[in-house]
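Presented below is the structure to which this report refers.
The values are calculated or read from the model by the stated rules, or taken from the named source; none is laboratory data. Everything numeric here is computed off the predicted structure, so don't read it as measured data. No Cβ is skipped: glycine too gets one built from the backbone with ideal geometry, and neighbour counts run over all protein chains shown.
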Amino acid sequence: MAEPLRVALVDDHGLCRRGLGELLELRAGMKVVATTGNPEEGIEMIQAHAPDLAVIDLRMPQLDGLRLLRGLRDAGSRVPVVILTMSDSREDLSAALRMGARGYLLKDMDPQDVIDAITRAARGELVVAPAMAAKLAGLLEEGPQRAAPGSSLDQLTVREREILAQVARGLSNKAIARELGISHDTVKLHVRHILSKLGFSSRVEAAVFAIENRVGEGARAAREDADTPAARLVHSR
């Protein structure tokens, strides 16, 4: 029997924090291993419990969710983070994805959709609330994201470009391995090389970069049809 998904919650609203915890445990069979309403405690708490995934509110006093996420990454934590917020701001969405959040969900989503999205994020997929799809498409129209100075797509091998296109579809390493008929370890190695060459710290940044720069068919598909495989980046189900 598979071990339950271990989740940590950071939200300064106690009712929301307790309600989400009960939802994940009672309806989804997950295990909430740690919670806090004090975002300043969030980094140490997440590091200490090493959950499979952390769900973090965006607007919190003293330390907002994006600064908390940056603090985690600066501390060396690779725990996947999903932002759960009331903010439907395009700027907040952009900042969260570029900082390496695994997902961006809204608190007014259907509870089952939130469960499904968190489950998918824990599997390595990128999840964004369906209501934010149009705003993400708008971000993509604003122009390509820049890679680190001195790096370009020309540095990537044919296989690395192929894998980057699959990352842009929101596929996990295991799913990419099945899709391309190669080993999971080979995919992990290629992804590591892609991030290094492009100067990114997360696969989310690489995925957004790939879509914006039309690697494969991801950008066109995401703009033209929110139900295509490429739109896994912007759908939670």
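Has region 177-187 got any residue that is surrounded by fewer than 21 Cβ atoms within 10 Å (Cβ to Cβ), more than 17 Å from the chain's Cα centre (by Cα), β-branched (Val, Ile, Thr) and at pLDDT below 65? No: region 177-187 contains no residue that is surrounded by fewer than 21 Cβ atoms within 10 Å (Cβ to Cβ), more than 17 Å from the chain's Cα centre (by Cα), β-branched (Val, Ile, Thr) and at pLDDT below 65. Checked against (1) at pLDDT below 65; (2) more than 18 Å from LEU97 (Cα to Cα); (3) part of a helix (DSSP H, G or I), ARG232 passes all but condition (2).
Which number in (1) modelled with pLDDT of 90 or more; (2) in contact with a His (Cβ under 9 Å, 6 or more places away or on another chain) marks the one condition that VAL127 misses? All conditions pass for VAL127, except number (1). Out of ASN213, ASN173, which single residue is within 20 Å of the chain's Cα centre (by Cα), modelled with pLDDT of 85 or more, polar (S, T, N, Q) and not assigned by TED's automatic domain parsing to the domain that holds ASP74? Unique residue meeting the criteria: ASN173.
Here is a check on your reading of the model: is ARG27 without any contact (Cβ under 8 Å) to a residue 12 or more places away in the chain and touching a helix residue (DSSP H, G or I) at 6+ places or on another chain (Cβ under 9 Å)? Spell out how you get there, then give the answer.
On the way: without any contact (Cβ under 8 Å) to a residue 12 or more places away in the chain: no; touching a helix residue (DSSP H, G or I) at 6+ places or on another chain (Cβ under 9 Å): yes.
Spelling it out, it is not the case that ARG27 is without any contact (Cβ under 8 Å) to a residue 12 or more places away in the chain and touching a helix residue (DSSP H, G or I) at 6+ places or on another chain (Cβ under 9 Å).
Go through (1) surrounded by 16 or more Cβ atoms within 10 Å (Cβ to Cβ); (2) not in a loop (DSSP other than H, G, I, E, B) and name the single condition GLU44 misses. In the conditions (1) surrounded by 16 or more Cβ atoms within 10 Å (Cβ to Cβ); (2) not in a loop (DSSP other than H, G, I, E, B), GLU44 misses (1) alone.
Residue-level check: of (1) farther than 15 Å from VAL204 by Cβ; (2) modelled with pLDDT under 90, THR119 misses just (2).
With respect to (1) farther than 25 Å from LEU195 by Cβ; (2) surrounded by fewer than 19 Cβ atoms within 10 Å (Cβ to Cβ), the lone exception for VAL114 is condition (2).
Among the residues making up region 1-41, those that are charged (D, E, K, R), part of a loop (DSSP other than H, G, I, E, B) and under 13 Å from PRO61 (Cβ atoms) are ASP11, ASP12. Taken over region 72-96, the criterion of being buried (at least 17 other Cβ atoms within 10 Å of the Cβ) and closer than 17 Å to ARG123 by Cα is satisfied by VAL79, PRO80, VAL81, VAL82, ILE83.
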